[in-house]
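Participant: Handing you a structure now.
The values are calculated or read from the model by the stated rules, or taken from the named source; none is laboratory data. What you see is a predicted model, and the numbers here were worked out from it, not measured in a lab. No Cβ is skipped: glycine too gets one built from the backbone with ideal geometry, and neighbour counts run over all protein chains shown. Calculation scope for accessible area: heavy atoms of the full protein, side chains included, ligands and nucleic acids excluded. Shrake-Rupley method; radii C 1.70, N 1.55, O 1.52, S 1.80 Å.
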Amino acid sequence: SSLDVESFVRNDLATVLALAIDLAAINGQGAGNEPRGVLKVSGIGNVAGAANGAAPNWAHIVELESQIAVANADVGSMGYLTNAKVRGKLKTTSKVTGQNGFIWEGASINGYNAAVSNQVPSNLTKGTASGVCSAIIFGNWSDLIVGQWGTLDLLVDPYTGGTSGTVRVVALQDVDIAVRNAVSFAALLDALT
């Protein structure tokens, strides 16, 4: 079968850009031309595991939800976002010791939608737990605004690499990201898996 090269390149570049937008929305630094992601927004709730990180447990989950509820922000598209390492840990962690029921069941945590993106960091540091902590984010995801201007622009540049016989393809998508209400989000930044 023949491969539609243009479609293949377009899809590949669109995937790379989508991952970059995902990363910026979650953990963008807010410096240079990078938007500020949820984890870098001042004023989001913060649940601490322990001085050197902690395995996530049911109390942490309840505290994430409680921080948002206390701020009267538990409305809209509430849900959890974390990485695959934490999902695996929560699927094998009982809500209450000695009782049936795991923290992550199906596609939900405590009745809220739960999703995975490996753009959620798993290399955070807390105390002596250096580079091994993960984040768990709970929030009203309708308060995360991702603005896109125009469509995916592709520019074929046959000149830059012309002397070596290569063609350069440049992809551009204008995007900005904002959190409308910081108290709509809370994060645990020291989850050990």
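Participant: Quick one: pull the percent of accessible area on segment 57-193 belonging to carbon and sulfur, 1.4 Å probe, ligands and nucleic acids left out.
Facilitator: Roughly 51 percent of what the probe reaches on segment 57-193 is carbon or sulfur.
Participant: Subtracting the Cα-Cα distance from 0.36 nm times the residue separation, let me have the gained length for ASP176 to ALA69 in nm, one decimal. Present the calculation step by step, with values, prior to reporting the outcome.
Facilitator: Details: separation 107, 0.36 × 107 = 38.52 nm, distance 2.76 nm.
That works out to 35.8 nm of additional length.
Participant: Further question: For the chain, what does the relative contact order come out to in percent, with C-alpha contacts under 8 Å and a separation of six or more?
Facilitator: About 29 percent, as a whole number.
Participant: Can you give me the P(r) profile for the chain? Cα pairs, bins 5 angstrom wide beginning at 0, each as a whole percent.
Facilitator: 1, 7, 13, 17, 16, 13, 9, 7, 6, 4, 3, 1, 0, 0
Participant: What is the magnitude of the charge dipole of the chain about its Cα centre, with +1 placed on the Cβ of each Lys and Arg, -1 on the Cβ of each Asp and Glu, and no other charges, expressed in debye to the nearest 20? Kindly include the intermediate steps, with their values, before the conclusion.
Facilitator: On the way: 11 positive and 15 negative charges, 133 e Å.
In debye, rounded to 20, the chain gives about 640.
Participant: Right, next: Under a 1.4 Å probe, what is the accessible area of the chain per residue, stated in Å²?
Facilitator: 55
Participant: Right, another one. Kindly sort LEU189, LEU144 by accessible area of their heavy atoms, largest first, with the probe set to 1.4 Å.
Facilitator: So the residues, ranked largest to smallest area, are LEU189, LEU144.
Participant: Can you list residues whose amide H is under 5 Å from MET78's amide H, if they're 5+ apart or on another chain and H is modeled 1.01 Å from N?
Facilitator: For MET78, the qualifying residues are TRP141.
Participant: Sticking with this structure for a sec: Lys/Arg Cβ at +1, Asp/Glu Cβ at -1, dipole of the chain taken about the Cα centre: which of ALA55, SER164, ASN181 is farthest positive-ward?
Facilitator: Going by the charge dipole, the pick is ALA55.
Participant: Name the aspartates and glutamates eligible as straight-distance cross-link partners of LYS85: C-alpha to C-alpha under 20 Å, and not fewer than 8 places from it in the same chain.
Facilitator: ASP22, GLU105, ASP190
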